[in-house]
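The next block holds one structure in the form of structure tokens; read it before the comments.
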Amino acid sequence: MVRRPAWSWKLILAAATFVAMNYTYLTAMAKGSAANAIWLQCTAPVWVLSVGVFVFGERAIWRDWLLVAFAAAGVAVILHYESRGESLEAVLWGLASGVFYAGVVLSLRQLREMESAWIVALNHLATAIVLAPLALDGSYFPTGVQWPLLAGLGIVQMGLPYVLFARGLKTISGHEATGIGLLEPLLVPVWVYLAWGDKPAWWTLVGGGLILVGLTIKYVGAVAAAPRSSQLTK
């Protein structure tokens, strides 16, 4: 998919942040629960909005701050119950993954003039090179059908979504992109239930509901305000 490779020193920072995000997120999953890892990573919009507004001068309205508030409340509810019995180390790794995820979003925004596929390919290549020694240094090694399954995960679940995400960042702000991205952890319990029949805990539903409220206020309100804005300009 790469058509126009280009170079910038910002690519180094983007790749390093992407590698750190993957390492901290996977470590959080290994040392704790998957639910903890993904919801802790959802603290990213708070960091993205803060840096975008106070460092890069991006404009934020009251709906943006409500989205962050409801997202933070939802994550707090889930963390309060999910972190019981889990090691503090796993929680810290998860929070770190949220910080680095925010860094990835901000880096992609800074590189939005470059081809999305090129940035994504370079980030994943850097991740593969840096983490290969850790992945291959052990008794577990892919065999047989595991190879095409891993290839499918790399292309369909990792590569393509980041290409689409990077393209979306060309037209919307970083905190909007991460806000929409919160649909992923909201839907994860649904996919798990459909695949394996595991019912999400009540606190997951409550926390996810709070995040959904924030998304509804932000995006449904924006759509409702658009017709009024167009009428005023006429």
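Every read-out reported here was derived from the displayed coordinates using simple, explicitly stated rules and does not represent laboratory data. Fair warning: this is a prediction, and the values are worked out from it, not measured in the lab. Glycine gets a Cβ as well: all are built from the backbone with ideal geometry, and neighbour counts include every protein chain shown.
Tabulated data
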{"quantity": "Binned Cα-Cα distances of the stretch 105-201, short to long, each 5 Å bin given as a whole percent", "calculated": "2, 11, 14, 17, 17, 16, 14, 6, 1, 0"}
{"quantity": "Span-like helix ranges in the chain, DSSP H, alpha carbon extent 27 angstrom or more, Kyte mean at least -0.5", "calculated": "10-31, 62-82, 88-110, 116-136"}
{"quantity": "Relative frequency of Cα-Cα separations exceeding 16 Å in the stretch 1-67, percent", "calculated": "66 percent"}
{"quantity": "Qualifying chymotrypsin sites (Phe, Trp or Tyr not before Pro) for the stretch 1-79 [loop in DSSP, other Cβ within 10 Å: at most 16]", "calculated": "7, 9, 56"}
{"quantity": "Over the chain: helical MRE at 222 nm, DSSP H runs n ≥ 4 each giving -39500 (n - 2.57), nearest 500", "calculated": "-23500 deg cm²/dmol"}
{"quantity": "Evaluated over the stretch 69-150, the Cα radius of gyration and Dmax, each in Å", "calculated": "17.7, 47"}
{"quantity": "Radius of gyration and Dmax over the Cα atoms of the stretch 132-172, both given in Å", "calculated": "14.7, 45"}
{"quantity": "Equivalent ellipsoid semi-axes - Cα gyration tensor, the chain, angstrom", "calculated": "29, 25, 17"}
{"quantity": "Loop trypsin sites (Lys or Arg not before Pro), the stretch 60-127, which have at most 10 other Cβ atoms in a 10 Å radius of their Cβ (DSSP)", "calculated": "84"}
{"quantity": "Span per principal axis, largest first, for the Cα atoms of the stretch 5-112 (Å)", "calculated": "46, 34, 18"}
{"quantity": "Among 190, 105, 163: highest mean-square fluctuation, GNM of the chain, C-alpha pairs under 10 Å", "calculated": "190"}
